[in-house]
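Data block below; observations after.
Every number in this text was worked out from the coordinates using simple rules, so none of it is lab data. All of these numbers come straight from a predicted model, not from anything done at the bench. Note that each Cβ is placed from the backbone with ideal geometry, even for glycine, and that neighbours are counted across all protein chains shown.
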Amino acid sequence: MIDPDRQIWDAMLGYLRANHPAVCRQWFEELTPLGIAGGALQLRTLSDLHRDYLRRQCGDVFNDAARTVSGRLLSVRFLGPDDQATPVAPPQASKRAHEAPRVASEVEPKPQAPERPARVVISHSDHSRYESLVINPDYAFENFVVGPGNRLAHAAAQAVSANPGRAYNPFFVHGGVGLGKTHLLQAMCLRIVESNPRASIHYTSCEGFVTHYFESVQSGELSEFRHRFRDVDVLVIDDIHFLAKRDRSQEEFFHTFNSLFQSNKQIILSSDAPPEDIPDLEERLVSRFKWGLVAKVEAPDYETRIQILKTKARLRGLQMPDDVAEFIAERLASNIRELEGAVVKLQIHSTVEKRPIDLSLAKTALGDEPRQPAGEPTIQCIIDVVTDYYAIRLADLQSKHRQRSIALPRQVCMFLARRCTRHSLEEIGGFFGGRDHTTVMHAIRSVEVRCKDAPEFDSTIRSLEDRIRTARGNI
C-alpha cells in the first residue's frame, strides 16, 4: 500500500531540487514524514540542531513546496528526535477533524516524554533577542577540509572541543573573510554538544552582543543580559573585531570575559585580524585575547580548493568531476565563499538546463576565461608601477614589515587598487599578504588624509594613477 504522506514528501523533495536547489542538502533525504495533523506535515529530523536549522533557514521554501505539490494549504512542522508529534487523525475522521478543529482540543492530550536539555542555549522567555545564532549542520569537523593554511587552527579547534575550558582558553582564530573561521566555530559547537548534550553554549556575533547590551541597558534588563552571556559553559562570538571603538561594550565584555575565564568556562572568538591589529581595542582586552591560543587561517592553496569544491558539492548531493573542480580552483583563489558560490551557480545551471555537471557546463556558467572589465587596470599593473616608483619588491608589500618605507607604498597600492579597479576590500587585502578589509579601509583613509594635507604627495598619487591607466591602455 502506498503511503500518501511519503508520496507528498517525495514530491516535495523533487520540487525543492527543481525550484530551490540552493537550499537543498543531501541529508534532506533522511527526514522522516510522520503524517499530516492540524494542517501541517510533520517531519522528523536527525537532531535538534537539524530541526532548528530547518525552522530558521528553510521554513518558507518547505511551506511553498508542501502547498504546491499537495494543492492544499499545508505547512510543515519540523520535529527533533524526542519532540512529541501531534496524533494523526484516522482517514475516515480526517474530514470531520478539519471541519471541526474544536474536537481535537476535547481529546485528552497524551503525556509528553521528558524533553532533552537544549544543546545550544536559546532563551525560552519573552526575551527572544538573546537567541543563539543558527548552527549549520554542514559545518561539522568531518566536512572541514584541512590544508597548509588552516592546519594549526583546525588541530587547536579539535583540542578545544575535546577539553573545553582547559585546552586553550580563550581560543582566538583570525583570518580574512570567507576562509573558514565560522565553519570552525560551529564545528566546535557541534562537537561539544555531541560529547556533552547538557553543555550550555551561547553562539552569537559581536554585533549581536553589542546590540543586545545596549537594548538591555535601555530596558533595564542588564541582569538578564549578563545571565545569558555569563552563565554558560561555552561562549562563542564571531567577528569580535566589531568591539573596536565601542568603549562601553568593551567594558562589559571585559567583565564577561573575566567571569567566564575565572570559572574555567570556554571562550571562543573569531576576528578578521589578530588581537594586536584590531584598531582602538583596549590593551587589557588585547592581553586577555592572547592568554590562550591565537591561530590564523589563510587562503586555501590549489589542492585544498579542489577538495573544498568536492566537499561542498557532496553536501548538496552533487557529483563534481575532477576536471570541473580543477577548472574552478584555477579561476577562484581568494576565499571559500567564492568556491561555494560557484558550486551553487553550477547546481542552478544544471537544474535549469537539465544537464549533468561537466566541464562544458562549468565554462558556460562561470565563463571560459577570467574577464577583466575593459579599460580597468589589473592589480599586478598597479603593483608594478608603485614598486618601480618606490624601488621596493612585491615580497616587501606582501610581508608583515611595518616600517614606513614599506608601509606607505603598501597603502598607496591599496588606495589605487580601490580607486582604479572593481575589486572588493577583501579581494584587495588578499593581494597584499592576506590582509583583512579593515586594514585596507585604514590604508585608504590614511592616503586620503595625507593627500589633503600634503599637495606634493597628492600630486605623486595623481601621477602614479596616470601611469597605471596609461600602462593599461598599452596592454
> So what is the 222 nm mean residue ellipticity for the chain from helices alone, if each DSSP H run of at least 4 adds -39500 (n - 2.57) and you divide by all residues, rounding to the nearest 500 deg cm²/dmol?
Replying inline: -16000 deg cm²/dmol
> Per the Debye formula with a single identical scatterer at each Cα and no solvent contribution, what log10 I(q)/I(0) holds for the chain at q = 0.08, 0.09, 0.10 Å⁻¹?
Replying inline: -0.62, -0.77, -0.92
> Which net charge results when you count Lys and Arg as +1 and Asp and Glu as -1 among the other residues whose beta-carbon is under 12 Å from that of Thr351?
Replying inline: +4
> Taking Lys265 as the anchor, which aspartates and glutamates have their alpha carbon closer than 12 Å to its alpha carbon, excluding any fewer than eight residues away along the same chain?
Replying inline: Asp231, Asp233
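List the trypsin sites (Lys or Arg not before Pro) in segment 208-247 that DSSP assigns to loop (not H, G, I, E or B) and whose Cβ has at most 14 other Cβ atoms within 10 Å. Which are they?
Numbers: sites: Arg226, Arg228, Arg230, Lys245, Arg246; in loops: Lys245, Arg246.
Listed in order of number, the matching sites are Lys245.
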> How high is the relative contact order of the chain, in percent, with contacts defined as C-alpha pairs under 8 Å that are six or more residues apart?
Replying inline: 13
> Taking only Cα atoms, what is the 0 to 90° angle, nearest 10, from helix 336-353's long axis to the longest principal axis of the chain?
Replying inline: 60
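Where in segment 46-86 are there trypsin sites (Lys or Arg not before Pro) that are in a DSSP coil and have at most 16 other Cβ atoms within 10 angstrom of their Cβ? It would help to have the intermediate numbers written out before the result.
On the way: sites: Arg51, Arg55, Arg56, Arg67, Arg72, Arg77; in loops: Arg72.
Here the trypsin sites (Lys or Arg not before Pro) that fit, given the DSSP loop and packing criteria, are Arg72.
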> Taking only Cα atoms, what is the 0 to 90° angle, nearest 10, from helix 206-219's long axis to the longest principal axis of the chain?
Replying inline: 70
>> From the mean inverse distance of alpha carbon pairs (Kirkwood) and the Cα radius of gyration, derive Rg over Rh for segment 401-475.
In response: 0.97
>> What is the angle, in °, between the Cα long axis of helix 437-453 and the longest principal axis of the Cα atoms in the chain? Nearest 10 is fine, range 0 to 90.
In response: 40
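Among bridges DSSP assigns within the chain, what percent are antiparallel (round to 5)? Could you put the intermediate results ahead of the total?
Numbers: 5 of 28 bridges.
Expressed as a percentage, antiparallel bridges in the chain total about 20.
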>> Using a 10 Å cut-off around each Cβ, can you sort Trp9, Trp27 from fewest to most neighbouring Cβ atoms?
In response: Trp27, Trp9
>> Charges at C-beta only: +1 for Lys and Arg, -1 for Asp and Glu. How large is the resulting dipole of the chain about its Cα centre, in Debye rounded to 20?
In response: 80
>> From Cα pairs below 8 angstrom and at least 6 apart in sequence, can you work out the relative contact order of segment 302-366, rounded to a whole percent?
In response: 34
> Counting pairs of Cα atoms in segment 216-287, how many percent are more than 20 Å apart?
Replying inline: 30
> Cα centroid distance between segment 175-236 and segment 5-39, in Å?
Replying inline: 31
> Roughly how many debye, to the nearest 20, is the charge dipole of segment 302-366 about its Cα centre, given +1 on each Lys and Arg Cβ, -1 on each Asp and Glu Cβ, and no other charges?
Replying inline: 280
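Percentage of Cα-Cα pair distances in segment 130-297 greater than 25 Å, rounded to whole percent? Show your work: numbers first, answer last.
Numbers: 3541 of 14028 pairs.
The proportion of pairs with Cα distances above 25 Å equals 25 percent.
In what order do Asp83, Asp280 fall by count of nearby beta-carbon atoms within 10 Å, going from fewest to most? Write down the numbers at each step before the final one.
Numbers: Asp83 17, Asp280 10.
Exposure proxy ranking, most exposed first: Asp280, Asp83.
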>> Can you order the peptides 333-345, 351-363 by their average number of other Cβ atoms within 10 Å per residue, highest first?
In response: 333-345, 351-363
>> Would you work out the Kirkwood radius for segment 4-86? I mean one over the mean of 1/r across all pairs of different Cα atoms, in Å.
In response: 12.5
> Given R₀ = 25 Å, FRET efficiency for Gln218-His442 by Cβ-Cβ distance, to 0.05?
Replying inline: 0.20
> In percent, what relative contact order does segment 130-297 have, based on Cα pairs under 8 Å that are 6 or more apart in sequence?
Replying inline: 36
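Going down the table (Lys312/Lys400; Lys181/Lys354; Lys245/Lys290; Lys296/Lys345; Lys290/Lys312; Lys400/Lys452), which pairs top 23 Å between alpha carbons?
Correct reply: Lys312/Lys400; Lys181/Lys354; Lys296/Lys345; Lys290/Lys312; Lys400/Lys452.
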